[in-house]
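Beneath this line is the structure, given in structure tokens, with notes to follow.
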Amino acid sequence: MVASAVASSSMSHLRFLHSYTFPRFESGQVQLKVAATAKVVMYQMIPPSSSAAPLIPTTVDVNLGDRSYPVYIGTGLLDHPHLLQRHIKGKGVLVVTNTKVAPLYLDKVIHALIVGNPNVSVESIILPDGEQYKNMDTLMKVYDKAIESHLDRHCTFVALGGGVMGDICGYAAASFPHGVNFIQIPTTVMAQADSSVGGKTGVNHRLGKNLIGTIYQPQSVLIDTDTLNTLPEREFASGFAEIIKCGLVADAEFFAWQERNMDALMARYPDALAYAIKRSCEIKAEIVCQDEMESGLRAILNLGHTFGHAIETSCGYGEWLHGEAVAVGTLIAVDMSYRLGWIDNSVVERANKIIKQAKLPTRPPANMTAEMFKSAMAVRMKLKIEMHGCIKGDYDRKALDETLHAFCKSLNQVFSFVLSVCNGRSFVVQ
Ligand SMILES: NC(=O)c1ccc[n+]([C@@H]2O[C@H](COP(=O)([O-])OP(=O)(O)OC[C@H]3O[C@@H](n4cnc5c(N)ncnc54)[C@H](O)[C@@H]3O)[C@@H](O)[C@H]2O)c1
Ligand SMILES: [Zn+2]
């Protein structure tokens, strides 16, 4: 599974993604040749002129029969009310957002929902912000608001925010009272490139990430890339873990494009960002359309997540951002794949390099032991599912142990380290 596309995979079910035509930035986008070797030509993008880029939403279709939906991607889309209004069902709308996003975009979204649309009545709920609030208590606040507002099964829930808002609101929409209309307005790279597409919804349990949830598709996803302008650096970088993952598992050309353009992406060049988000949505849509319920192929999108979820659960939700944990998890998965002989060392090097370029961590938290990884992973038994999703045969416990010990201190070392700190001494006990 791991890095199959980059390692010129023999997995035929992924090959369809490789035929994608390499993007040509012709209008408003100059390709500048900056380095060339005998074999490799690198391009670096420079920003488009401000007069470029017409305001036309790109649409990625998620084709799931009668549950198909469009993903609109573009700048300034929140200024186009019809894109939202055409997907509203019933008269009642509940916008679910949080304390950080509400001051930035709630008024704009409410305006887009009601302008020229007097029959619609919009309620909103502003939840506490953070992964640590992605739980049943917060979910209950959404139900409370919906019931107090006399919303019925003909209403629409709108998720406004990052992946946490999308997951909570989506789960509420799936279950109130037996499923209502649902629209995603994602505002982080993570949510725009990944979590808003594909229908996974849910909340965390103290024993494991996303342990409670369901798959429930939205009616539409509206990605206004302008909302990324307010995203802090750390949260911005975090989303690239999923974009890199997409390239690694499903599209070698996209991965190579990211390697050439990561600096432009980190500098938030709009065309580069729009392309990375669009391509990630396309890849996810193609995979979800073939395996919506994750009985096989879709599991490739979980690359790095078994290890990443273990970091998030062990550290306490919110300490490490999801993308940071996935970045390290991806490198652990890549390392293990190398030890198993599935990929060659060049993939390990490329994965490490691009994750550093994306300003993401490459090592787990200093106090996290191999035993902590295993205990958090055992709760879910997801390792087997992840491996079996795409690989024939059982996973190799020796390779897992070797990998975890390469990334972590052993329990003894951590204990010794803690002891020395507690004693106010800095000598190495062991
Ligand atoms: N459902 C899925 O398929 C799926 C896929 C990937 C991740 N996820 C989930 O998504 C969550 C992570 O998502 P995330 O990284 O977006 O985290 P997040 O939702 O916590 O957002 C990160 C931070 O950015 C803030 N924020 C959001 N938009 C902003 C904006 N435009 N300007 C300024 N601040 C803004 C948020 O309030 C938050 O403080 C995790 O819970 C993860 O499990 C789900
Ligand atoms: Zn993820």
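The values are calculated or read from the model by the stated rules, or taken from the named source; none is laboratory data. Source: prediction; values computed, not measured. With ideal geometry, Cβ positions are generated from the backbone for all residues, glycine too; neighbour counts draw on all protein chains shown.
Points to keep in mind about this one:
- The residues listed here are 287, 243, 300, 311; of these, the one that is in contact with a Lys or Arg (Cβ under 6 Å, 6 or more places away or on another chain), within 14 Å of ligand 2 (Cβ to nearest atom) and among the β-branched types (Val, Ile, Thr) is 287.
- All positions within region 177-211 that are at pLDDT 95 or above and surrounded by fewer than 21 Cβ atoms within 10 Å (Cβ to Cβ): 179, 181, 202
- One residue stands out in region 125-160 among those that are in contact with a Lys or Arg (Cβ under 8 Å, 6 or more places away or on another chain) and surrounded by 17 or more Cβ atoms within 10 Å (Cβ to Cβ): the one that is farthest from residue 240 (Cα to Cα), namely 155.
- Flag set for residue 201, criterion: within 14 Å of ligand 2 (Cβ to nearest atom), touching a Phe, Trp or Tyr at 6+ places or on another chain (Cβ under 7 Å), under 23 Å from residue 310 (Cα atoms) and β-branched (Val, Ile, Thr).
- Whenever a residue of region 324-345 is more than 15 Å from residue 190 (Cβ to Cβ), its partners that are charged (D, E, K, R) and away from ligand 2 (no atom under 16 Å from the Cβ), lying with C-beta atoms within less than 6 angstrom and at least six residues away or across chains, give the pairs 339/402; 340/396.
Residue by residue, here is whether (1) over 18 Å from the mean Cα position of the chain (by Cα); (2) within 16 Å of ligand 1 (Cβ to nearest atom); (3) in the same structural domain as residue 191 (by TED's automatic domain parsing) holds:
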site	(1), (2), (3)
310	no, yes, no
330	no, yes, no
336	yes, no, no
358	no, yes, no
362	no, no, no
372	yes, no, no
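- Some residue of region 276-284 being of a type in the set (Asp, Glu) and crowded, with 19+ Cβ neighbours inside 10 Å: yes
- Residue within region 335-350 that is buried (at least 18 other Cβ atoms within 10 Å of the Cβ), under 30 Å from residue 60 (Cα atoms) and among the small types (Gly, Ala, Ser) present: no
- Restricting attention to region 204-233, the residues that are among the basic types (Lys, Arg) and away from ligand 2 (no atom under 16 Å from the Cβ) total 1.
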